[in-house]
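Quick notes on the structure that follows.
The values are calculated or read from the model by the stated rules, or taken from the named source; none is laboratory data. Keep in mind that this is a model prediction, so the values were computed, not measured. Here Cβ is always computed from backbone atoms with ideal geometry, including for glycine, and neighbour counts include all displayed protein chains. Only protein heavy atoms, including side chains, enter the accessible area calculation; ligands, DNA and RNA are left aside. Shrake-Rupley method; radii C 1.70, N 1.55, O 1.52, S 1.80 Å.
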Amino acid sequence: MNDPVFVKKYNVPGPRYTSYPTVPFWKKNPLTESEWNKALGEFTQSYDHQFVSIYIHLPFCESLCTFCGCHKRITKNHQVETPYIFALKKEWELYVKSFGFQPQIKELHLGGGTPTFFAADAIIDLLTAIFGKNTIQPEECELSFEAHPGSTSEEHLQKLFDFGFRRVSFGIQDYDPIVQTAIHRIQSFELVKSVHDLAKQIGYTSINHDLVFGLPKQDMRALMKTIDLTLELKPERIALYSYAHVPWIKGTGQRGYSEADLPQDNEKRALYETAYAKLIDSGYLAIGMDHFALPDDGLSKAFNQKKLHRNFMGYTTKSTNWMIGLGMSAISDCWIGFAQNDKTVEGYQEQINKGIIPVFRGHLLTDTELLIRKHILDLMCHFETSFSTDKQCQHIYDGIIQRLQPLLDDQLACLENQTVTITEKGLPFVRNVCMAFDLDLIQTEIGKQLFSKTI
Ligand code: SF4
């Protein structure tokens with residue numbers, strides 16, 4: 001599977017496509033609250049909006065992990081919880097007022113930062129306000145949260161389960177002590193095992209472990225040991241992310257080690273492929289990009305039934321046409337537009353306290369962008385997409401096919417009956433196939449400075 005020639009040829013900077021257009025190409029900066037409300041109004045007039053997804057960003061962490069690319073605030077002061085939860089409740093109130101109706105929540109995810117930084121009661125207080133009188137049926141509404149093994153208590157697990165949560169995702173990264181020291185994230189296997197087992201006993205039916213390959217000081221031995229330990233616990237889902245090295249964007253955190261500490265190109269690709277083979281041999285199915293799930297898990301079923309969806313939360317089984325992001329830096333998506341909230345805790349809270357939905361930038365999609373968005377989503381979720389026979393789009397498709405040609409020649413993708421399919425050999429290069437569709441990327445060199453490498 002690992003062809004060094006392809007790795008060398010295609011390991012170029014490229015987006016991860018949680019959105020199209022990707023954030024660096026958004027054109028509305030600033031985006032005002034009234035422009036965003038107008039886009040939401042247009043969306044609810046034209047698209048099915050009965051069900052909504054909610055993402056809540058809980059940004060505080062007690063300690064900095066140096067590899068981290070998330071929007072977070074490092075603090076040990078837990079007094080920050082109360083005003084932040086107040087602001088989140090108020091933000092949802094502002095949204096419901098602007099919609100003029102209470103949408104039905106189909107999916108809600110708590111991300112961060114560290115959601116388990118917050119006391120269990122504070123989280124329950126927030127969710128009770130958001131759901132209002134709506135009852136939660138775990139089969140109908142998927143609730144999930146990201147948990148730091150070091151700060152997840154039995155109370156968190158139990159109270160969130162009682163509220164309706166059945167999915168939890170533990171941030172593991174790597175178990176090797178040398179890697180853990182390099183990324184400043186010290187947590188033993190015993191600690192992870194104890195919270196994992198507790199979640200199982202309580203009744204969580206889908207546990208995910210986040211692992212990362214390509215970390216500083218990580219070698220084959222370290223990653224294989226991490227995979228072996230993960231397999232001992234056999235979580236229903238495993239995400240194996242590529243470490244994104246972008247110190248020019250993420251500032252001091254990612255400067256705590258040098259480029260020389262990072263596995264590069266073929267060495268990095270070999271880490272992924274050996275881990276991939278081990279996970280497949282152990283009964284996991286490869287889902288979309290970087291994800292693995294046991295055959296009975298909802299993610300595998302959604303993938304097999306071509307119902308997988310991708311949004312700013314990553315891959316998801318519940319497809320809705322819109323997602324509202326609450327909290328500092330959170331991104332909302334109403335299919336025809338995106339909006340991002342203020343990226344500082346202070347700025348976010350200040351706007352909310354003035355009664356303003358705190359968006360600061362975004363993008364309103366053109367018809368062509370909507371077309372490309374659908375193709376990229378299909379490629380990322382199902383590894384194939386079909387061109388329409390619409391003559392007006394022909395010039396766009398001609399350009400895409402031209403840019404795809406090297407990947408077609410290398411048999412990483414094939415084109416038959418107006419359908420582009422990514423071949424098994426091409427799976428590591430999904431992002432590269434999407435890049436052939438990305439009209440922004442071909443018009444500018446900017447992407448070369450903004451994105452991490454595709455492998
Ligand atoms: S990896 Fe998680 S816990 Fe660590 S700094 Fe980033 S958001 Fe916080």
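If I ask for residues that are more than 13 Å from the ligand (Cβ to nearest atom), in contact with a Leu (Cβ under 7 Å, 6 or more places away or on another chain) and outside any strand (DSSP E or B), which ones from segment 142-165 would you list?
Of everything in segment 142-165, those that are more than 13 Å from the ligand (Cβ to nearest atom), in contact with a Leu (Cβ under 7 Å, 6 or more places away or on another chain) and outside any strand (DSSP E or B) turn out to be Glu154, Leu157, Phe163, Gly164, Phe165.
Based on what the data block shows, is Tyr257 closer than 23 Å to Tyr315 by Cβ, at pLDDT below 95 and open to solvent by 10 Å² or more (accessible area, probe 1.4 Å)?
For Tyr257, the condition - closer than 23 Å to Tyr315 by Cβ, at pLDDT below 95 and open to solvent by 10 Å² or more (accessible area, probe 1.4 Å) - is not met.
Scan the helices (runs of 4 or more DSSP H) fully inside segment 1-114 and keep the ones with 2 or more residues being under 23 Å from Asn134 (Cβ atoms). Spell out how you get there, then give the answer.
Numbers: elements: 4-10, 33-46, 81-99.
Answer list for segment 1-114: 33-46, 81-99.
Could you tell me which of the residues Ile324, Ile331 is out of contact with any Lys or Arg (no Cβ under 9 Å at 6 or more places or on another chain), closer than 26 Å to Gln45 by Cβ and open to solvent by less than 10 Å² (accessible area, probe 1.4 Å)?
Working: Ile331 fails: open to solvent by less than 10 Å² (accessible area, probe 1.4 Å).
Unique residue meeting the criteria: Ile324.
Per-residue answers, yes or no, for (1) without any contact (Cβ under 8 Å) to a residue 60 or more places away in the chain; (2) more than 19 Å from the chain's Cα centre (by Cα); (3) under 27 Å from Pro103 (Cα atoms):
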residue: Ile56; (1), (2), (3): no, no, yes
residue: Cys65; (1), (2), (3): no, no, no
residue: Cys70; (1), (2), (3): yes, no, no
residue: Thr75; (1), (2), (3): yes, yes, no
residue: His78; (1), (2), (3): yes, yes, no
residue: Glu81; (1), (2), (3): yes, yes, yes
residue: Ala87; (1), (2), (3): no, yes, yes
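Please go through segment 166-187 and pick out each residue that is away from the ligand (no atom under 16 Å from the Cβ) and either more than 23 Å from the chain's Cα centre (by Cα) or exposed (fewer than 15 other Cβ atoms within 10 Å of the Cβ) (or both).
Asp176, Pro177, Ile178 - these are the residues of segment 166-187 that are away from the ligand (no atom under 16 Å from the Cβ) and either more than 23 Å from the chain's Cα centre (by Cα) or exposed (fewer than 15 other Cβ atoms within 10 Å of the Cβ) (or both).
Give the number of residues within segment 54-79 that are within 10 Å of the ligand (Cβ to nearest atom) and in contact with a helix residue (DSSP H, G or I) (Cβ under 7 Å, 6 or more places away or on another chain).
12
Being open to solvent by 50 Å² or more (accessible area, probe 1.4 Å) and on the phi > 0 side of the Ramachandran plot is the requirement here; does Gly132 meet it? Before you say what the answer is, go through the steps one by one.
Working: open to solvent by 50 Å² or more (accessible area, probe 1.4 Å): no; on the phi > 0 side of the Ramachandran plot: yes.
Judged against the criteria, Gly132 is not a match.
Looking at (1) part of a loop (DSSP other than H, G, I, E, B); (2) open to solvent by less than 10 Å² (accessible area, probe 1.4 Å), which is the one condition that is false for Lys307?
With (1) part of a loop (DSSP other than H, G, I, E, B); (2) open to solvent by less than 10 Å² (accessible area, probe 1.4 Å) applied to Lys307, the lone miss is (2).
Among the numbered criteria (1) within 30 Å of Ser300 (Cβ to Cβ); (2) modelled with pLDDT of 95 or more, which one does Asp219 miss?
(1)
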